[in-house]
1. Under the rule that an exposed site lies in a DSSP loop and has at most 14 other Cβ atoms within 10 Å, name the longest stretch of the chain with no chymotrypsin sites (Phe, Trp or Tyr not before Pro) of that kind, not counting the sites themselves.
2. Provide Rg over Rh for segment 161-281; use the alpha carbon set for both Rg and the Kirkwood Rh (inverse mean inverse pair distance).
3. Given bins 5 angstrom wide, list per bin the percent of all Cα-Cα distances in segment 1-47, short to long.
4. For a distance above 34 Å, tell me the whole-number percent of Cα pairs in the chain that qualify.
5. If you take every DSSP beta bridge fully contained in the chain, what fraction is antiparallel? Give it as a percent rounded to 5.
6. Once you keep just the Cα pairs under 8 angstrom separated by 6 or more residues, what percentage relative contact order results for segment 190-319?
7. What is the Cα coordinate range of segment 3-203 on the first, second and third principal axes, sorted by size from largest, in whole angstrom?
8. What FRET efficiency comes out for the pair Glu21/Arg290, r = Cβ-Cβ distance, R0 = 51 Å, nearest 0.05?
Amino acid sequence: MNAQTLEQAARVGFESHFAHEPVGLWSAPGRVNLIGEHTDYNDGFVFPFAIDRRTVVALAERSDRLIRVASSFADDAIEISLDELFPENLHGWSAYPLGVAWALGQFGADLETVTGFEIYIDSDVPIGAGLSSSAAIESAVAVALNEVWGLGFDRRTLAKVGQLAENRAVGAPTGIMDQSASLLGEKDSAVFLDCRSLDSEVIPLGFDEAGLELLIIDTRVSHSHATGGYASRRASCEKGAAALGADSLRDVSVADLDRAAELLDDETFRRVRHVVTENQRVLDTVRTLREQGPTAIGALLDASHVSMRDDFEISVAELDLAVETSRATGAIGARMTGGGFGGAAIALTPTELIPTVKAAVIAAFAAAGFGTPELFVVRAAAGAGRAA
Ligand code: GAF
């Protein structure tokens, strides 16, 4: 959907739910991670970019303490008073926007004095594809409330607000990457983020000049980070860091891996090795991109996938097939992206080979008896902001 159509849909949705006009529209993008997976909560490095799929929030303030939220992806509108805005009262999809309102209070907004509001949310970020539809909602609501409540928080703080909402209101123990990409992204560039210091640098990708596109292969295998595997991987990383006497795996280097192999059980060692080598791959990707351009980063993407498949064990058969098939038919590098256990793979592909790769992946999925994947190209886009 183009930006104007989506904004118009959000405006119409708002007016049909609340019978008056919004005061403004704000939007935020989903993200794709080029490289640096499960490194964010280990104080490490990530290199994601904001994509040209967005979530739009239409908002108007109320004169009382009531909050009403509605959206295009649920029939129900939710009402809650600002006085009852606690994580334990928030459930389902509305925990994302309402969690942000609560989290702003945790960062110093005076929720005793602000007014309630009505919001309507519309989005063309695919849900469950590993493109962070959740961070898109959180970041759009964060920039909207930051403006209408006159809070003056900077984008780094808004990213932390979104993360806290996700951790406490949604219950997913995720890191800071997705909200940072959604808030700090810029057109045709990726965000190189140090998740310890939160220093970031926007780096041009140069895909157009190199004749490359980033193809998303959404396996449509659904995943959730509020349950199971994500939390257990995080726990293994913490266990590994503690056993090595480190505050976090950021403090463990590739040179320490021999000692780690002696001290740790095999599974914990492989989890640690993924994170430590992935941090190095992010640094290598940024350097290679700068020095040689994007045609030279393919091998690093491939190595990242192997590490997630074999050491971190977060890939699934559909993601492996997407990666193998795209590489065999023209992609110069491919890897699963996001938290894993489903979601999407990315394939960095010469523009003229996109139709070939798409057809090959669809055929391979059919031959394997897997559900039909969704394939589409994404471009690096601007981060969250006021839309109208
Ligand atoms: C999910 C999380 F939300 C991120 O914080 C990050 O950990 C990612 O999985 C894995 O790199 O998207």
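Throughout, read-outs are computed from the coordinates displayed, never taken from laboratory work. Fair warning: this is a prediction, and the values are worked out from it, not measured in the lab. In this analysis, Cβ positions are derived from the backbone assuming ideal geometry, glycine residues included, and neighbour counts consider all displayed protein chains.
1. Result, exposed sites excluded: 108-388.
2. 1.01
3. Answer for segment 1-47: a P(r) of 5, 17, 18, 13, 9, 7, 11, 13, 7, 1 percent.
4. In whole percent, the long-distance tail amounts to 28.
5. Bridges in the chain that DSSP calls antiparallel: roughly 90 percent.
6. Dividing the mean separation by the residue count of segment 190-319 yields 23 percent.
7. Computed over segment 3-203, the largest-to-smallest principal extents equal 44, 35, 28 Å.
8. 0.65
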